[in-house]
Amino acid sequence: MSSCDTCVVRNRAICSGLDDAELVSLNNMGRRRNVTAGEPLIWEDDDSLLVANVIEGVLKLTTSTEDGREQIVGVAYPSDFIGRPFGQTSSASVVALTDARVCVFSRNDFDRFAREHPELEHKLLERTLAELDRTRSWMMLLGRKNASEKIATFLLEMSERLADSTCTAATGPAKRFSLPFSRQQVADLLGLTIETVSRQFTKLKNDGVVELPSRREVEIVNRGALLALAG
């Protein structure tokens, strides 16, 4: 495994608070793994055997209903932490939306290391609370916003998260980006039909709020208007 010092998400991942000696110890515990688009990394309800930092790419977190329907409940971007430390089973499946690279640790080894390094536990707590805040905001989106507000909010979040996931210096939200989701996945994520999603994208384009260079690419032309639509 390459040195943590050369990791492109080193300063944004949960290990950012560790000193050099601690990083060496953590480095010796982990291994890099490439995951192709569509490949599962973790299965829902399986024993929690591994945790990971996302280095490159985007992964989805999903749960399934009793009749087999899938619901996307989260998305992991570079520098995000995935898996269930200190837990016996995985609460969601983790599947690569794009080709991805992750830094994988045995969950038992990671738990032991975290208990011995309070700064890492603190980072885990910070990430957990931030995820809780995002979940609450998402509950508001799903429960109270209409279709146009949902699409606008979704695009604004994508522009921020995809900008944060780049390895270059931060320059604010991305104006143009490529969605890691298909239209059907956007519909599933937002609790809409694919027809409604397509109509809303077309309306935003016709109103001059966004441009759609391709099926997946989005360019925000009028961010102020998109913010207003998001409510």
Under the condition of being small (Gly, Ala, Ser) and not in a loop (DSSP other than H, G, I, E, B), which residue from segment 156-172 is modelled with the lowest pLDDT?
Ala163
What about Thr128, is it modelled with pLDDT under 80 and farther than 16 Å from Leu204 by Cβ?
no
If you check Ala100 against the conditions, is it under 20 Å from Tyr77 (Cα atoms), touching a Gly at 6+ places or on another chain (Cβ under 6 Å) and small (Gly, Ala, Ser)?
yes
Only residues that are assigned to a strand (DSSP E or B), touching a residue at least 40 places away in the same chain (Cβ under 8 Å) and touching a helix residue (DSSP H, G or I) at 6+ places or on another chain (Cβ under 7 Å): list them for segment 210-230, please.
Val210, Val218, Ile220
So, of the residues in segment 59-85 that are in contact (Cβ under 8 Å) with a residue 40 or more places away in the chain and over 27 Å from Asn11 (Cβ atoms), which turns out to be farthest from the chain's Cα centre (by Cα)?
Glu70
Close pairs (9 angstrom Cβ cut-off, 6 or more residues apart or separate chains): within 14 Å of Ser16 (Cα to Cα) and touching a residue at least 60 places away in the same chain (Cβ under 8 Å) in segment 117-139, of a type in the set (Lys, Arg) and in a helix (DSSP H, G or I) anywhere:
none
Which is surrounded by 14 or more Cβ atoms within 10 Å (Cβ to Cβ) and either part of a helix (DSSP H, G or I) or touching a Gly at 6+ places or on another chain (Cβ under 8 Å) (or both), of Phe201, Phe177, Phe181?
Phe201
Name the one entry in Ala147, Ala163, Ala152 that is buried (at least 16 other Cβ atoms within 10 Å of the Cβ) and under 13 Å from the mean Cα position of the chain (by Cα).
Ala163
State which residue is farthest from the chain's Cα centre (by Cα) when the search covers only segment 86-110 and only residues that are free of Cβ contacts under 8 Å to residues at least 60 places away in the same chain and crowded, with 17+ Cβ neighbours inside 10 Å.
Arg107
May I ask you to list the residues in segment 208-231 that are exposed (fewer than 13 other Cβ atoms within 10 Å of the Cβ) and farther than 24 Å from Val75 by Cα?
Gly208, Gly224, Ala228
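For every residue, the table says whether it meets (1) of a type outside the set (Ser, Thr, Tyr); (2) under 15 Å from Arg101 (Cα atoms); (3) out of contact with any Leu (no Cβ under 6 Å at 6 or more places or on another chain).
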{"site": "Trp43", "(1), (2), (3)": "yes, no, yes"}
{"site": "Ile55", "(1), (2), (3)": "yes, yes, yes"}
{"site": "Thr62", "(1), (2), (3)": "no, no, yes"}
{"site": "Thr65", "(1), (2), (3)": "no, no, yes"}
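Please go through segment 27-43 and pick out each residue that is buried (at least 17 other Cβ atoms within 10 Å of the Cβ) and under 24 Å from Ser182 (Cβ atoms).
Passing the criteria: Val35, Leu41, Ile42.
What is the residue count in segment 117-151 for residues that are within 27 Å of Asp188 (Cβ to Cβ) and out of contact with any Phe, Trp or Tyr (no Cβ under 6 Å at 6 or more places or on another chain)? Before you say what the answer is, go through the steps one by one.
Pass one, segment 117-151, residues within 27 Å of Asp188 (Cβ to Cβ): 127-151.
Now narrow it down to the ones that are out of contact with any Phe, Trp or Tyr (no Cβ under 6 Å at 6 or more places or on another chain): 128-151.
Looking only at that region, the number is 24.
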Within segment 1-106, strands (runs of 3 or more DSSP E) holding 2 or more residues that are assigned by TED's automatic domain parsing to the domain that holds Glu126 and of a type in the set (D, E, K, R):
31-35
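The values are calculated or read from the model by the stated rules, or taken from the named source; none is laboratory data. In this text, all values refer to a predicted model and were calculated from it rather than measured experimentally. All Cβ positions, even for glycine, are placed from backbone atoms using ideal geometry, and neighbour counts span all protein chains on display.
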